[in-house]
Amino acid sequence: MSDKEKAAYGYLTWVDKSPDVRPSAEGEETFLAGAEWATPRWIKCSERVPEIDGAYAIYAPSMDKDCPLIMTAYYHESVGWSMLPQVWIDAITHWMPLPEAPKEEES
């Protein structure tokens, strides 16, 4: 199922659970636009780098195509990427903002 199909399914599920809401093409289009905006996407380093210093998810391909390096690295505007092990820095091809941290449940 594609991201767009998942978002459309989410819209229809939301409409089904909301008795006061009627499905419409305009409503589905708006919902899909919001879902697409909220879906994190890998950004090519060759296209742009982060605008704000901070921690980001990074991706670097490896010789084993089924096991790329995906981890957190820090980006500094003046220095570039910072991570351990340093050997992977030149291999980074993509990045994306980190998701929000999980909320701790109160016991």
* Structure fact -> Filtering the stretch 84-93 down to residues that are part of a loop (DSSP other than H, G, I, E, B) and free of Cβ contacts under 8 Å to residues at least 12 places away in the same chain yields 84, 85
* Inspect the stretch 68-83 for any residue being in a loop (DSSP other than H, G, I, E, B), among the polar types (S, T, N, Q) and surrounded by 12 or more Cβ atoms within 10 Å (Cβ to Cβ) and give the result as yes or no. => no
* Asked: How many residues are among the small types (Gly, Ala, Ser), modelled with pLDDT of 90 or more and assigned to a loop (DSSP other than H, G, I, E, B) when one looks only at the stretch 26-67?
  -> 1
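The values are calculated or read from the model by the stated rules, or taken from the named source; none is laboratory data. Only a predicted model underlies this, so the values are computations on that prediction, with no experimental measurement involved. FYI the Cβ positions are ideal-geometry reconstructions off the backbone, even for glycines, and counts take in every protein chain you see.
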